[in-house]
Number of protein chains: 2
Amino acid sequence: MTNPLYLPELRGMLAENDAQGLREFCTALHPARTAEFMDGLTADESWRVLQHAELPLKAEIFCFFPEELQVEILEAIDRDEAARFVGDLPPDDRVDLLNEIKPKIVAELMPLVPVEERRDIQRLRAYPEDTAGAEMTTEFARLGEDCTVSKALEEIGRQAEELETIYYIYVVDNEDHLHGLVSARQLLSAMGNPETPIGQLMERDLVTVHVDDDREEVAQKVARYDLLAIPVVDDEHRMLGIITHDDVLDVMVEEAAEDAYRAAAMEPLQESYLGTPLMALTWKRGVWLTILFFAAQLTVWVLREGQGTLASVPWLVFFLPLVISTGGNSGSQSAALVITALTAGEIHLGDWWRVVRRELAMGFLLGGFLGVCGYFCALVAAPDQVSPTAALVLPITLVLVILWGTLAGSLLPMLFRRLGWDPALMSNPFVAGLNDLVGTVIYLNVAMAVL
Amino acid sequence: MTNPLYLPELRGMLAENDAQGLREFCTALHPARTAEFMDGLTADESWRVLQHAELPLKAEIFCFFPEELQVEILEAIDRDEAARFVGDLPPDDRVDLLNEIKPKIVAELMPLVPVEERRDIQRLRAYPEDTAGAEMTTEFARLGEDCTVSKALEEIGRQAEELETIYYIYVVDNEDHLHGLVSARQLLSAMGNPETPIGQLMERDLVTVHVDDDREEVAQKVARYDLLAIPVVDDEHRMLGIITHDDVLDVMVEEAAEDAYRAAAMEPLQESYLGTPLMALTWKRGVWLTILFFAAQLTVWVLREGQGTLASVPWLVFFLPLVISTGGNSGSQSAALVITALTAGEIHLGDWWRVVRRELAMGFLLGGFLGVCGYFCALVAAPDQVSPTAALVLPITLVLVILWGTLAGSLLPMLFRRLGWDPALMSNPFVAGLNDLVGTVIYLNVAMAVL
């Protein structure tokens, strides 16, 4: 399980041109692990080690390199060599990679890529980012309905090296219309009847995605139906490609990270935390921080208008952050609940009234309880300044800000979904900013009414 | 792709006892879709429809029912029948299910479950929640090293119906020590040499997880190495089970939801939003809301101590929410960056100094820019009250609270990881609460120093 090789030894083998040792290194391990053990080599060294692996292993190891290294290698090596290698990479991976390479170099490479691969690349690059089309690979196992079990097994054995998955074989007609699916499992179970046409075995009720579907929808379908791969079709139900389970996992990881950034009011990162230049990172944070800063000027204005009340009842200020943060917290909770339920498909826009009723009920319960706590806190915190009547400002305010938090936190994500935007955008910072403002307004008005 | 059947028709077929129609309904579609079309039937009706599917299809459709329905069915039907059916379910799914059923009924069922399955259930239930052991299934394809390609193909064809995946075949010795892995892909490619022993084909460098590993680690490995399934081993490298790609996807979905709840200061839900009783939901929110509420009393106390300053400089109050929320927002951003990078394995605890330097640099840049904005905002907001010197309170405070936010937001998640806790616990509410307090302290002290 552990590898006896270390970087100095790899470098030693490169210096001595130890072809056998390097070949063994490339083939002994899982390709991902081979790539990990090379971590620390320069782009040039990595590429020289890789020459000792044959295709498709060479491409597999390469795909496990960090993206920055992949880009560096392809930009550094001879254009002809790079173009040929690009032709050998899996269709979905090479498109992702070309999107990261300098456009000038891509323009030099493309004419050198073999014509069939070049067309495939151009087609895939035309699909908008984050759609099924942009995520799919165009290499998949396809056979006609008349093909027999024994011929099908032979055929997929022959294609095994080239295809990303051979465990789902798609049954298509001459125009690539998708008719059904036979799994390797079914073929192996049917080995006893080698002459059966696969049209008799195939499943006809297939779960598919449209080429324009969002990749998050794709991930949800694959998760829901426990699929190894999902076929991507066009308007005429012609099969264009597949998206495999491992790509779906990657999509999930990326989407989860994006949601986490959005929830903290940041533009999602394209690269790793330490790999993103400091100024780029500052910019991604600064944009939203500045927007929220200027939005908070509204609260400044509200407090300036209320300065008469604040001056005559100084203890009101003590509870200002408490009131605001309690409303904000209840709003974040509602937003997290509704966003998660929307994403999981547990609730739909039509359920809005049920959601609102639940949230209001919870708002009353939580607000009532914390209101009682707040009443006594006020009396305890400033016994010399707060009368039992004046202290009523707190429970009334707390009930109202918590109710407002639950309403805004639950309805705004649903509104965003309705408008076709990502509800996750609506999670913390906006709700929080809005709650600061509304919480302050409520607090000052309740205070003026009671006192 | 669309199904012509609707609930009334299903009910009609049940009333007429239309065995052929119901059998066709059960077999025509993907099992997940069959289950979806039955949505709305009672537990009794669902179970009666299911009688027309044979094993293992019956178990597959059942596993796609919502969990509440599965529980209701098993609790309602005859104990003998339920026990036999439990024996037929996939090992990992039935353990999850039994954990949801009333303990009294489980105690009645268990003695009726066939002995081999009963032992398996008891073993799996002994693993702590969220470990690899609790997630794995004990049914997988295993063969000896001497087995030939043709015999291996025959064998997995025979077992195809019973196993969750036949695409990875594990090579073990008599004591179940894991030696290697042969994929169905390799076997199919090697069909031309049927007498080759699989020991010659197998990969020996396997990625495995330990039975006590956290399920999040399992998911990360499967995602990193693009696996269909990962073997679960004990201390002696004996193979205990596998975790398949579809279960990993489910883990990812659940973990993402848990993180979202934690980030919003809530206990994760066990069931769906609408399925969780109102009081349970209120409790899960209320606990943290109350803790944060009482933590905010510290801010009340700080402001009461500072009331002299606030009374003599009334305009300070206008900017209190702004100062607090800006610090809170920069802290959330840092926390989101560091938590995401930690989870993805991009940074490690040893990188803490690099992280702190980056965060401090960003804190200075962001604080400097917003400080300048804040200076002019103060002059504009209350020109009659704020002198050019007094306005300096804002830029100084903003730089300090933003620096504090970036430091706390980046270091606290790393501290939590160091203590073996989930860094995601450290995201929004705690950092936010702490920032409220520290921000207020900084603001008042800067004001006293400047004025």
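The values are calculated or read from the model by the stated rules, or taken from the named source; none is laboratory data. Just so it is clear, the model here is predicted, and its values are computed rather than measured. Virtual Cβ from ideal backbone geometry, glycine too; neighbours counted across all protein chains shown. Surface accessibility is based on the protein's heavy atoms, side chains included, excluding ligands, DNA and RNA. Shrake-Rupley method; radii C 1.70, N 1.55, O 1.52, S 1.80 Å.
Computed values, structure above
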| read-out | value |
| --- | --- |
| Residue check for B:ARG125: open to solvent by 50 Å² or more (accessible area, probe 1.4 Å) and more than 14 Å from chain A (Cβ to nearest Cβ) | yes |
| Test: residue in the stretch B:51-74 that is among the β-branched types (Val, Ile, Thr), assigned to a helix (DSSP H, G or I), surrounded by 16 or more Cβ atoms within 10 Å (Cβ to Cβ) and over 29 Å from the mean Cα position of the chain (by Cα) | no |
| Matching residues, the stretch A:188-211, being away from chain B (no Cβ under 11 Å), outside any loop (DSSP other than H, G, I, E, B) and either touching a Pro at 6+ places or on another chain (Cβ under 7 Å) or modelled with pLDDT under 95 (or both) | A:PRO197, A:ILE198, A:GLY199, A:GLN200, A:LEU201 |
| Selected residue (criterion: most open to solvent (accessible area, probe 1.4 Å)) from residues of the stretch B:235-256 that are touching a strand residue (DSSP E or B) at 6+ places or on another chain (Cβ under 6 Å) and away from chain A (no Cβ under 12 Å) | B:ARG238 |
| Boolean, A:ILE101 is farther than 30 Å from B:MET202 by Cβ and in contact with a Ser or Thr (Cβ under 8 Å, 6 or more places away or on another chain) | no |
| Matching entry among B:ALA264, B:ALA260 (being out of contact with any Lys or Arg (no Cβ under 7 Å at 6 or more places or on another chain), free of Cβ contacts under 8 Å to residues at least 12 places away in the same chain and among the hydrophobic types (A, V, I, L, M, F, W, C)) | B:ALA260 |
| Some residue of the stretch A:140-151 being in contact (Cβ under 8 Å) with a residue 12 or more places away in the chain, within 32 Å of the chain's Cα centre (by Cα), closer than 30 Å to A:GLU108 by Cβ and open to solvent by 20 Å² or more (accessible area, probe 1.4 Å) | no |
| Residues of the stretch B:227-250 satisfying the condition of being modelled with pLDDT of 90 or more and not in a strand (DSSP E or B) | B:LEU227, B:LEU228, B:ASP234, B:ASP235, B:GLU236, B:HIS237, B:HIS245, B:ASP246, B:ASP247, B:VAL248, B:LEU249 |
| Flag for B:GLU135 being at pLDDT 90 or above, touching a strand residue (DSSP E or B) at 6+ places or on another chain (Cβ under 6 Å) and either open to solvent by 70 Å² or more (accessible area, probe 1.4 Å) or farther than 20 Å from B:GLU203 by Cβ (or both) | yes |
| Test: residue in the stretch B:357-375 that is under 30 Å from B:GLU267 (Cα atoms) and either open to solvent by 20 Å² or more (accessible area, probe 1.4 Å) or not in a loop (DSSP other than H, G, I, E, B) (or both) | yes |
| Only listed residue being without any contact (Cβ under 8 Å) to a residue 60 or more places away in the chain and out of contact with any Phe, Trp or Tyr (no Cβ under 7 Å at 6 or more places or on another chain), chosen from A:ALA19, A:ALA35 | A:ALA19 |
| When residues of the stretch A:287-334 are limited to those that are more than 7 Å from every other protein chain (Cβ to nearest Cβ) and surrounded by 24 or more Cβ atoms within 10 Å (Cβ to Cβ), the one nearest to B:GLU267 (Cα to Cα) | A:SER334 |
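This table checks each residue for (1) open to solvent by less than 30 Å² (accessible area, probe 1.4 Å); (2) not hydrophobic (A, V, I, L, M, F, W, C).
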| residue | (1), (2) |
| --- | --- |
| A:LEU398 | yes, no |
| A:VAL401 | yes, no |
| A:LEU407 | no, no |
| A:PHE430 | no, no |
| A:ASN435 | yes, yes |
| A:THR440 | yes, yes |
| A:LEU444 | yes, no |
